[in-house]
Each structure stands twice: as structure tokens, then as C-alpha cells.
1. With θ set to phi - 60° and the Karplus curve 6.51 cos²θ - 1.76 cosθ + 1.60, what are the ³J(HN,Hα) couplings of region 76-93 in order, to the nearest whole Hz, using x for Gly and Pro?
2. Under the Karplus relation 6.51 cos²θ - 1.76 cosθ + 1.60, θ = phi - 60°, what is the ordered set of whole-Hz ³J(HN,Hα) values for region 197-208, x standing for Gly and Pro?
3. Could you give the nm distance between label points at Val71 and Leu257, where each point is 7 Å from its Cα heading toward the beta carbon?
4. Search the structure for amide H atoms under 5 Å from the amide H of Phe220, placed 1.01 Å from N in the peptide plane, and list their residues when 5 or more places away or on another chain.
5. Write out the trypsin sites (Lys or Arg not before Pro) in region 117-174 meeting two conditions: DSSP loop, and at most 11 other Cβ atoms within 10 Å of their Cβ.
6. Work out how much length Glu130 to Lys30 would gain on full extension: take 0.36 nm times their residue separation and subtract the Cα-Cα distance, in nm to one decimal.
7. If you place +1 on the Cβ of every Lys and Arg and -1 on the Cβ of every Asp and Glu, how big does the dipole about the Cα centre of region 130-195 come out, in debye to the nearest 20?
8. With 18 Å as the limit, write out which pairs from Lys178/Lys246; Lys84/Lys138; Lys55/Lys227; Lys179/Lys236; Lys188/Lys236 have Cα-Cα distances beyond it, or answer none.
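Just so it is clear, none of the values below were taken in a lab; they were calculated from the coordinates. Because the structure is predicted, anything quoted here is derived from the model rather than measured. For neighbour counting, all protein chains shown are included, and Cβ atoms are generated from backbone atoms with ideal geometry for every residue, glycine included.
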Amino acid sequence: MSTETSGIPNSPIVPTQLGLDDRFQFRCHKGIACFNKCCGNIDIMLTPYDIVRLKNRFGMTAREFIDAYTVDFAMDGHGTPGLKLRTREGSTACINLTPEGCGVYSDRPAACRYYALGLVSMRRKDSPVEEDSYFVVKEHHCLGHYEPHVQTIRDYRREQGVDVYDEINHQWRHIILKKRSSGPTIGKPSRRSLELFFLASYDIDGFREFVASPGFDEVFDLEPACKHELMQDEVKLLKFGFRLLKQVLFGEVTIPLKPGARERRIERYRQRKALSSPGKAEELANAQDKLYESLGE
Ligand code: SF4
Ligand code: SF4
């Protein structure tokens, strides 16, 4: 089972784009002869909401879950951090696989729910929104394609609980897509902005502490009730994190800043002996990713 697509010969991807009301033949169930085969050779990229669901299932902090259950990879040439689900020691099988099937079934990641479908999101040149289409992944070991059960993509997504995951991860996927499609035009993100990407995308407990910190309050103007809600609700906090990432990475300002925050930052940069010229301090303060740097101080 893989979350990646390719155009290589012998690819298991059936090259027909499908929409939500198109139908396809597939059924997976416990009695099928290939049961568990797909989880024996995995390549699964995790989304932010996958991590929230799994770390809560295990009663861990996000950081503990990341250390025990994931491996790092770079999502692009800029080193944007990604996480994949870990395999068993010395094996290609998923760490969650048991002889009875998936050990985390009701909290399995979005990629596992999608299988045997793949998703392609594309934005046309003249369109502000991306469009989703689907394709069938037909791997030779998977006998589910020969089961006499036909359904629409829409029904399959609903049955697998994909809709909930996609709704929560929607803005995050948009960030990844925008980063890829804008390529060098937005420049190489700083180390700090990649750290923020990791924190807001994967380490929800660390991100909560960050939003609760006095440094955050110094810069952002959040209503106390809104902040309280973010502290209580992990899904709202995730979505807030995606807004913050869009603000820092692309300058899409949706989170109000406290009046004078920028000036205070400039002053702080000025006071650092290393930055002798006032012009340099202003330039630094203008850089969006320095917003985050100022919070870490
Ligand atoms: S999380 Fe469950 S469904 Fe997904 S690969 Fe692992 S065992 Fe299979
Ligand atoms: S039918 Fe396909 S998805 Fe289901 S267990 Fe078999 S290989 Fe896995």
C-alpha cells in the first residue's frame, strides 16, 4: 500500500480520472484471501489529523507518537518536513498490523481509508481553487477488485470516513499544493518557518503550548474566548495552525496582530548589537517568517 503515485510503466494506477459520482468495483472484508497483504508493504504519508487521532488512541503526546511511530522525510527540495508511518523492525509491514488485521482500525490514517483509491488535487492556471479527482489503484495482490460490489466514489469515501479527514486537512493540503506549484517564486523557507511548519502540522501539543505562551499574546490579537476554544479543541487548533502557516509562508493575513507589535519587534532587533544598522532591523522585521522568530524569544 502506497500513498504515492507515479507514471512509471507497470504502475498499479488505472489511468482513468473519476469524479464523486463515478462508480468502481471493489470490496475489502475480513474473509478475503488477501486479507492484510496490503499492510505488509507500506509507504504511508501521515497528515496532521492522522497524528491527532493516533496519538490520542495511544494516550501519547504528539511528540511521543512521532518518535515511536513515524519516520521523517523531505516533502520537497526545500526540505519541507513530512512524516511516514513506521514499519516493523526489519520488515516492510506496518507497525500497526496484527494477525487479526489493523490494530488501529477506527483511527487508521487517511491513506489507509482511501485505498484502493488515489486522490489527485490540481489547480488550473486560471482558477483560485483546486479540483479533486480520483483514480483506482489496482495492485496485483489485491483481490478486492474482483468482489461483486460496485459503489460510487462518494459513497466509498463516506463509508471509509475519508470526508471527515479531508475536511479537517483541507487547508493543509492546500498549503502543500501551493508550495509545490509556486516553487522557487516564494523562495526557500527559512529554518524557522520550517520549524513552525513541523510544529503546526504534526506536534499539536507543542503547538498548543506555543499559542498559550506570553510571546504569542504579545504579537497576536486573539479574543480570550477564541483562545480558550483553541486550548480545548484540537481540531480547531489544527485549523488555526494552518491559518498561521498561510500567514507566515504566503503573507495571507487572517490572524490580527496587536498594534505596535511590529515596532516592538524592530526595536528588539535594533537592540541586538549584531544588527547595527536600523535599515537592517526594519528589513528583518518585514520578513514574514521573523514573526515566528520573535515569538520564540
Ligand atoms: S494503519 Fe492499519 S490499515 Fe493502515 S497500513 Fe497500518 S495496519 Fe494497514
Ligand atoms: S482486498 Fe485489497 S485492501 Fe482488502 S485486504 Fe485484500 S489487499 Fe488489502
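1. 7, x, 8, x, 4, x, x, 10, 10, 5, 6, 9, 5, 3, x, 9, 9, 7
2. 4, 4, 4, 6, 7, 10, 9, 4, 6, x, 5, 4
3. About 4.1 nm separates the two model spin labels.
4. Lys258
5. For trypsin sites (Lys or Arg not before Pro) across region 117-174 that sit outside H, G, I, E and B with at most 11 neighbouring Cβ atoms in 10 Å, the list reads Arg124, Lys125.
6. Working: separation 100, 0.36 × 100 = 36.00 nm, distance 3.59 nm.
Here the segment from Glu130 to Lys30 would lengthen by 32.4 nm.
7. On the way: 11 positive and 11 negative charges, 127 e Å.
For region 130-195, the charge dipole is close to 620 debye.
8. Numbers: Lys178/Lys246 10 Å; Lys84/Lys138 22 Å; Lys55/Lys227 23 Å; Lys179/Lys236 23 Å; Lys188/Lys236 29 Å.
Correct reply: Lys84/Lys138; Lys55/Lys227; Lys179/Lys236; Lys188/Lys236.
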